[in-house]
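Trainee: Got a structure here, written out as structure tokens. Questions coming.
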Amino acid sequence: MADLLEVKNLEVKYRTRNGVLTALRNIGFSMQEGEVLGVVGESGCGKSTIAGAVMQLLPLNGWISQGQVLFKGHDLVQAGPEELRRLRGCELSMVFQDAMTSLNPVFNIETQMLDILQAHNPTKSRNELRKIALAMFERVGIPDGVQRIKDFPHQFSGGMRQRIMIAMALMANPSLLIADEPTSSLDVTLEAQILELLRGLRDELGTAILYISHDLGVIAQLCDHVIVMYAGNIVERGDSRTLFEHPRHPYTRALLAAHPSHKRHLNRLLSIPGRVPSLKDLPVGCKFADRCNFAQPECYQAEPNYIPLEEDHLVLCHHLVGEIPPGGAELPAQEVIPLVSGGRVIDQNAVPLIKAQDLQTYFKDRVGIIGQLLGRKAGSLPAVNGIDLDIQRGETIGLVGESGSGKTTLGKTLLRLINSTGGRILFEGQEITHLNERNVRPMRARMQMIFQDPFSSLSPRMKVADLLLEPFRIQKIPVDPHSKVPELLEMVGLAGEQADKYAHQLSGGQARRVGFARALALNPEFLVADEPTSGLDVSVAAGVLNLLKDLREKLGLTYLIITHNLNVIGFIADRVGVMYLGRLVELGPTEEIFDHPSHPYTEALLMAISNPDLQQVAERGKRLVVKGEIPSPRHPPSGCPFHPRCRYADARCAREVPVAVVINATHRSVCFYPERVGEAV
Amino acid sequence: MYIYLLKRLGMTMIVILIVMIFLGLLVQIIPGDPVRTLLGPRATPELVATVRSEMDMDKPVYVQVALFIWNALHGNLGNDFWTGRPIRQAIGDVLGHTIILALSSLGLAVILGVPLGVYSATHPNSWLDHILAVTSISFITIPSYVAALLLMLLFSVHFRILPAIGLGKAGDVADYLRHLILPSVSLAITWVGYLARLVRTSLLEVLNTNYIRAAKSFGLRDRIVFYKYALKNALIPTVTVLGVGLGSMMAGAMFVEVIFDRPGMGTLIYNAINDRNYPTVRAGVLVIAVLFILANLIADFINSWLDPRIQLVKSQG
Amino acid sequence: MEYVARSTSRTTRFLERIPVLGAVLQRPLGALGFSIVLIFVLTTIFAPLIAPYSDTKQDFSAIFQPPSRAHLLGTDNLGRDLFSRIVYGTRIEMSAALPAVTIGLTFGLLLGLLAGYLGGGVDNVIVVLLDSIQAFPSLVLALAILAVLGPSLTNVILVIGLALIPGYARVTRSQVKSVKNNDYIQVEYNLGASTGRIIRMHILPNIIAPLVILISMDLPVVITFEAGLSFLGLGVRPPAPSWGVILSDGFKFIFNSPWPVMSAAFALILVTLGFTLFGETLRDVLDPRLSGTEGG
């Protein structure tokens, strides 16, 4: 059977301020009809460029310098603009990462959909096309299609917009759909819904999908075959099972070993030393050599060739792992330990370091003068809606939730960065809820925050050394810069020469470490880390997570780790609290909650986790994807906030707000029916 | 949409009120005794007192300001000091000419500037684009009165093909238009350059957006992508600017009217200043300010009609 | 490896070491603009040395002369040398532009800081105030005030300064608001930094760049404005050689000789062009730098 898509020897270059860069080198792969091929890699590897190259829609400064892209036998590189136009949207379609910016803001959805249909069906009438568009609209799960199709893009939520993009891409029933990170900006539960939608549409329409993502877990769930990219090369290619269970390229193996898993309790993650090389400065020879555990002298001198293995499996390497000359290093074996606070002593009976009692933080809307004259009342956003939480010294609590859960607000409220509007906060038994700024200040040295956006928390005008010395300067603590700065840098694993750089010259991982170092400057006891790994490549994130663990051991820190990623929780947290719309719906030991969730929302999150672990994927079998989207925190549902999406809910859940149910001494759930969670459907 | 409209209208009212208070107060800061200065050598104490009372200047400040605002809102802009004629009539006589001048300049600027901008954006970095860029910058930097003088030099003095003075023969439309040419072009020049550059930048920005790339990836024809999808987005900032432009045209018209000796708000205010005819100055300035504010308001509304995002920013939760 | 190295001459490398200005000078339009500005500034300083005649010396035997070796730009209706008048005029222009911009900058900066940093009611009031000033086309505002105060250079400076305030205030305000939003401001505040320290160390450095750009774009506007007001007889009084006065004198006698009008026009256009080119290049240099990061 002829290939649907065959890419041969593809090379793509960009003209930039730094000269001509080669983004893709020697790319070759093929796809059959109905196949799902995943392209995975970290930032800068060129995976998005492949999408642009196949669609012949590279940015203005990019071009295909070599190679062929054969779609159903025709070379798209040589095709004329009209032929390409006819194929696009009709045979060959694309879905982009950010649906908000990919939809024209000034036209309504109906206009945009009809324009697409009309471009490919010039003979059909507008009414006929309208029916097709509506049908697709409803197929992707948007309720009230007839009315909503006349709305504008900004009137839809993020998840809905992504569905609309998918609808537009698949309306004309193309043979190939290219999806470029379509779920990267969505919440986990939404991501699971979109993936289910894509799977369903694929089964129904037989569309082949070229799925591009940095998320190994998603690729593992969805794809038949996988391509792994690094610095513009395909370093490994094969079918999904072989690649995930027996990876052959050192990079693939390292990548899989760097991925935290909520099920396998690892002591440390493997973090790959060094950084992805910049395209300006590619090394001679194998591009991965200087980060590779198995590198031999010839790896630095000559580019490797593809070694074909069984069953269409290809590896770009000088040697086959497993056949290294004696003396070569092996990947350190992963030490698996049971997830207890190994080595740390936590006294559950002591006065908690931080205690929150019925804590509330409500944001009031500001109504301008005119608004007040018009009689508008100020609404409020209950970001933190009655939280009870004890954090013992030495513990690591994970706080997990999706957007609108209030987890960041809770973190900031505990640290008195935001003023609470109700309830109490106690630090070592002492009430700090209403202390004014002057009295809170001495405590600030003891409790610090590491912000989610590292660049926003580092002043762009100061060098790293000055940033690290700020705490001392402001608090007027004398300190020797020449010893303190290197000490702090070393603590977080940064080289001394970083001290002279400005924040924007650092990579994401480095900037995060600087934020960490500054937070540690005054020897805090309690640290709140807000999304410590978001926006980081897997290998870089692994390093940050290892660092968090190491420093915990060394300095006896107490952590509150805020994240949406349950895998991170599994790696580092003793206990986990699950937040939904400002409430703590479940709180308990990590392992216990992962094995037996006692709240429907926790169950939904666990269902939606993605791990590059095929065994888990198989075990989970038919995933139960939770329906619906997170409601706006301004208009929470009546009764239990989760009830509209809960598959166990009944009338009582809509009427009454549940209270905490004690599961055991350290585990509680806010649900009427915790025992029903996990029931077979 | 409505909430936004009301908010804007409310703000506008407040601003107009402040403007009127300011103008009302302005007369107070005239150095010396305004009435005496006005009357000049004829200032006998009895005459001064009479005039002062007639002009309400013997009343306390806040009363004067309130009276001014009250009258203005009723369309009574006071009487001309020398002729006793209601200022409203004087303004009514000439306002039309100024508005025609402003509109025709704006129209000229749009007709020339926008297509130039569109062309530049579709042929970026071509030699024509570079020429247009340099020309645009040069045009922007020529103030309207300089342009007026130079054009007059060229076409009226040197070539003698266009008239330099006045409105033209009454009732003769062709002559009126002939007399309109140099003034409009003088005003339009600056804006042609500005609009061309604005449209160019706006378009180039839009053409680089994700949604244009997405539109192409769905196979829409280039013509539709450009003229429908891209242009509408690019024109939004342009429309806002046009509102400001109309206002600035009305101000620039002052110079042009004086230079070409055309009756209009400009010459009215100019002559009034020279005659120390403060009531007229005040009324003229008020009318222009209100027109300017209205032009901006209309531009805002057109903007919010074009851009659906604006309205809902206010009302969505 | 695979990129084309850019040719670097000694000049380029020298310029690259000068912050900001070097980058501006590397671009042809920027260099052109800067040269013009430099000539303008030097002329202002060394006017008596450059001008061959005094600006008021009348010579009735040589009125309406076209340019010649004796009179580089010709003479006006009173036989005064146009070139000298233009040269001395630079001083008048500068003496109007600098103070006016200073007024606009000082008050605008203050109002912008208050509005941006304090927010809330203060912000609302200040914004309404700014809107009111901007409700007038600046010319009309100037006319209204000058009509009342009477024409003089000082009044012109005051009026133009007033008209400039909203521009600086708005730029300052929006920059302050955007900087305030960053987490690092909160970090500083929570470590115990005083408001003064935050403003001094974090907010001010971030607003310098846009303000500098605004200043360089405003200077030609002020000059043009002053010349326009003087042209109408509402600014500097003759016989002072403000370029507007030269234009106005020339206008009266436009049918006798084009040279007065043309020389003043030339001067105005040249200076405006210079500042505009410089300002725009400055903006191109500073703006992307502010948001540029080393791509991952």
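Trainee: Pairs needed: first member in segment C:163-187, closer than 19 Å to A:A511 by Cα; second member anywhere, of a type outside the set (S, T, Y) and buried (at least 24 other Cβ atoms within 10 Å of the Cβ); C-beta distance under 7 Å; at least 6 residues apart or different chains.
Mentor: Every condition considered, the pairs that remain are C:D183/A:F451; C:Y184/A:L458.
Trainee: Can you tell me which residues in segment C:235-244 are crowded, with 24+ Cβ neighbours inside 10 Å and either closer than 22 Å to C:L149 by Cβ or modelled with pLDDT of 90 or more (or both)?
Mentor: C:G235, C:V236, C:S242, C:W243, C:G244, listed by residue number.
Trainee: In segment A:633-681, what residues are farther than 25 Å from A:R575 by Cβ, free of Cβ contacts under 8 Å to residues at least 12 places away in the same chain and not in a loop (DSSP other than H, G, I, E, B)?
Mentor: Within segment A:633-681, A:H643, A:A651 qualify.
Trainee: Would you mind listing the helices (runs of 4 or more DSSP H) fully within segment B:249-316 where at least 3 residues are within 9 Å of chain C (Cβ to nearest Cβ)?
Mentor: Fully inside segment B:249-316 and qualifying: B:265-274, B:278-306.
Trainee: Still on this structure, I have one more. Quick check on A:L243: is it of a type in the set (A, V, I, L, M), touching a Ser or Thr at 6+ places or on another chain (Cβ under 8 Å) and under 18 Å from A:A542 (Cα atoms)?
Mentor: no
Trainee: Ok, one more. Need the failing condition index for C:N181 against (1) at pLDDT 90 or above; (2) more than 23 Å from C:L229 (Cβ to Cβ); (3) surrounded by fewer than 19 Cβ atoms within 10 Å (Cβ to Cβ), just the number.
Mentor: For C:N181, the exception is condition (1).
Trainee: So, in segment C:30-62, how many residues would count as being among the hydrophobic types (A, V, I, L, M, F, W, C) and in contact with a strand residue (DSSP E or B) (Cβ under 6 Å, 6 or more places away or on another chain)?
Mentor: Count: 1.
Trainee: Restricting to segment C:218-236, name every residue that is farther than 16 Å from C:T154 by Cα and more than 11 Å from chain B (Cβ to nearest Cβ).
Mentor: C:D218, C:L219, listed by residue number.
The rows are residues; the columns are (1) of a type in the set (G, A, S); (2) free of Cβ contacts under 8 Å to residues at least 40 places away in the same chain; (3) farther than 30 Å from B:D307 by Cβ.
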position: A:R130; (1), (2), (3): no, yes, no
position: A:I149; (1), (2), (3): no, no, no
position: A:R161; (1), (2), (3): no, no, no
position: A:M168; (1), (2), (3): no, no, no
position: A:I212; (1), (2), (3): no, no, yes
position: A:G217; (1), (2), (3): yes, no, yes
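Trainee: If a residue counts only when it is under 30 Å from C:T195 (Cα atoms) and in contact with a Pro (Cβ under 6 Å, 6 or more places away or on another chain), which helices (runs of 4 or more DSSP H) contained entirely in segment C:58-172 have at least 2 such residues?
Mentor: C:120-134
Trainee: If you check C:L72 against the conditions, is it within 17 Å of the chain's Cα centre (by Cα) and either of a type outside the set (S, T, Y) or under 27 Å from C:F278 (Cα atoms) (or both)? Walk me through it before giving the result.
Mentor: Values: within 17 Å of the chain's Cα centre (by Cα): no; either of a type outside the set (S, T, Y) or under 27 Å from C:F278 (Cα atoms) (or both): yes.
Judged against the criteria, C:L72 is not a match.
Trainee: With the checklist (1) at the interface with chain C (Cβ under 9 Å from one of its Cβ atoms); (2) within 31 Å of the chain's Cα centre (by Cα); (3) surrounded by fewer than 16 Cβ atoms within 10 Å (Cβ to Cβ) in hand, flag the one item A:R446 doesn't pass.
Mentor: Exception for A:R446: condition (1).
Trainee: While we're here: Looking at segment A:392-424 only, could you name the residues that are part of a strand (DSSP E or B) and buried (at least 22 other Cβ atoms within 10 Å of the Cβ)?
Mentor: Residues satisfying the conditions are A:T396, A:I397, A:G398, A:L399, A:V400.
Let's see how each residue does on (1) without any contact (Cβ under 8 Å) to a residue 60 or more places away in the chain; (2) buried (at least 21 other Cβ atoms within 10 Å of the Cβ); (3) among the basic types (K, R); (4) in contact with an Asp or Glu (Cβ under 7 Å, 6 or more places away or on another chain):
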| residue | (1), (2), (3), (4) |
| --- | --- |
| A:F526 | no, yes, no, no |
| A:A529 | no, yes, no, no |
| A:S539 | no, yes, no, yes |
| A:L545 | no, yes, no, no |
| A:D550 | yes, no, no, no |
| A:L560 | no, yes, no, no |
| A:G570 | no, yes, no, no |
| A:G582 | no, yes, no, no |
| A:E586 | no, yes, no, no |
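Trainee: State yes or no: is C:V179 out of contact with any Gly (no Cβ under 8 Å at 6 or more places or on another chain), within 24 Å of B:L17 (Cβ to Cβ) and of a type outside the set (F, W, Y)?
Mentor: Details: out of contact with any Gly (no Cβ under 8 Å at 6 or more places or on another chain): yes; within 24 Å of B:L17 (Cβ to Cβ): no; of a type outside the set (F, W, Y): yes.
So C:V179 fails the test.
Trainee: Okay, moving on. Any residue at all in segment C:31-41 that is in contact with a Gly (Cβ under 7 Å, 6 or more places away or on another chain) and free of Cβ contacts under 8 Å to residues at least 60 places away in the same chain? If you could, list the steps in order and put the result at the bottom.
Mentor: To start, the set of residues in segment C:31-41 that are in contact with a Gly (Cβ under 7 Å, 6 or more places away or on another chain) comprises C:33, C:36-37, C:40.
Add one more test, that the residue is free of Cβ contacts under 8 Å to residues at least 60 places away in the same chain, and what stays is none.
Among the residues of segment C:31-41, not one is in contact with a Gly (Cβ under 7 Å, 6 or more places away or on another chain) and free of Cβ contacts under 8 Å to residues at least 60 places away in the same chain, which makes the answer no.
Trainee: Can you tell me which condition C:F266 does not meet? The list is (1) within 14 Å of chain B (Cβ to nearest Cβ); (2) surrounded by fewer than 22 Cβ atoms within 10 Å (Cβ to Cβ); (3) within 30 Å of C:R173 (Cβ to Cβ), and all the others hold.
Mentor: So C:F266 meets the others, but not (3).
Trainee: Still on this structure, please answer the following. Give all pairs with beta carbons closer than 9 Å in which a residue from segment A:35-52 that is in contact (Cβ under 8 Å) with a residue 40 or more places away in the chain and over 21 Å from A:S65 (Cβ atoms) meets a residue that is of a type in the set (D, E) and surrounded by fewer than 23 Cβ atoms within 10 Å (Cβ to Cβ); count only pairs at least 6 apart in sequence or on separate chains.
Mentor: A:E35/A:D224; A:V36/A:D224; A:L37/A:D224; A:G38/A:D224; A:V40/A:D215
Trainee: Looking at segment B:123-165, which of its residues are closer than 23 Å to C:A265 by Cα and either in contact with a strand residue (DSSP E or B) (Cβ under 7 Å, 6 or more places away or on another chain) or not in a helix (DSSP H, G or I) (or both)?
Mentor: Within segment B:123-165, B:T141, B:I142, B:P143, B:F159, B:R160, B:I161, B:L162, B:P163, B:A164, B:I165 meet the criteria.
Trainee: Somewhere in segment B:214-231, is a residue in contact (Cβ under 8 Å) with a residue 40 or more places away in the chain, of a type in the set (S, T, N, Q) and more than 19 Å from C:I269 (Cβ to Cβ)?
Mentor: Checked segment B:214-231: no residue is in contact (Cβ under 8 Å) with a residue 40 or more places away in the chain, of a type in the set (S, T, N, Q) and more than 19 Å from C:I269 (Cβ to Cβ).
Trainee: Can I ask one more? Exactly one of (1) closer than 30 Å to A:Q452 by Cβ; (2) assigned to a helix (DSSP H, G or I) is unmet by C:A193. Its number?
Mentor: (2)
Trainee: Surrounded by fewer than 23 Cβ atoms within 10 Å (Cβ to Cβ) and within 30 Å of B:L153 (Cα to Cα), is that true of B:V258?
Mentor: yes
Trainee: Scan segment A:6-32 and report the pairs whose first residue is touching a residue at least 12 places away in the same chain (Cβ under 8 Å) and whose second residue is surrounded by fewer than 16 Cβ atoms within 10 Å (Cβ to Cβ) and among the β-branched types (V, I, T), with Cβ atoms within less than 6 Å and a gap of 6+ or a chain change.
Mentor: A:K13/A:V20; A:G19/C:V4
Trainee: Still on this structure, please answer the following. One residue is enough: does segment B:277-288 have a residue meeting the conditions modelled with pLDDT under 85 and aromatic (F, W, Y)?
Mentor: Scanning segment B:277-288 turns up at least one residue that is modelled with pLDDT under 85 and aromatic (F, W, Y).
Trainee: Please give the number of the condition A:A169 fails out of (1) touching a helix residue (DSSP H, G or I) at 6+ places or on another chain (Cβ under 7 Å); (2) within 9 Å of another protein chain (Cβ to nearest Cβ); (3) crowded, with 23+ Cβ neighbours inside 10 Å.
Mentor: (1)
Trainee: Would you please list the contacts, defined by Cβ atoms under 7 Å and residues six or more apart or on different chains, that run from a residue in segment A:227-252 that is under 18 Å from A:N9 (Cα atoms) to a residue that is among the charged types (D, E, K, R) and outside any strand (DSSP E or B)?
Mentor: Pairs found: A:M229/A:K47; A:Y230/A:K287; A:A231/A:K287; A:N233/A:K287; A:E236/A:R248; A:G238/A:D312.
The values are calculated or read from the model by the stated rules, or taken from the named source; none is laboratory data. Nothing here was measured: the structure is a model prediction, and the numbers come from that model. Positions of Cβ are generated from backbone atoms using ideal geometry, with glycine treated the same way; all protein chains shown enter the neighbour counts.
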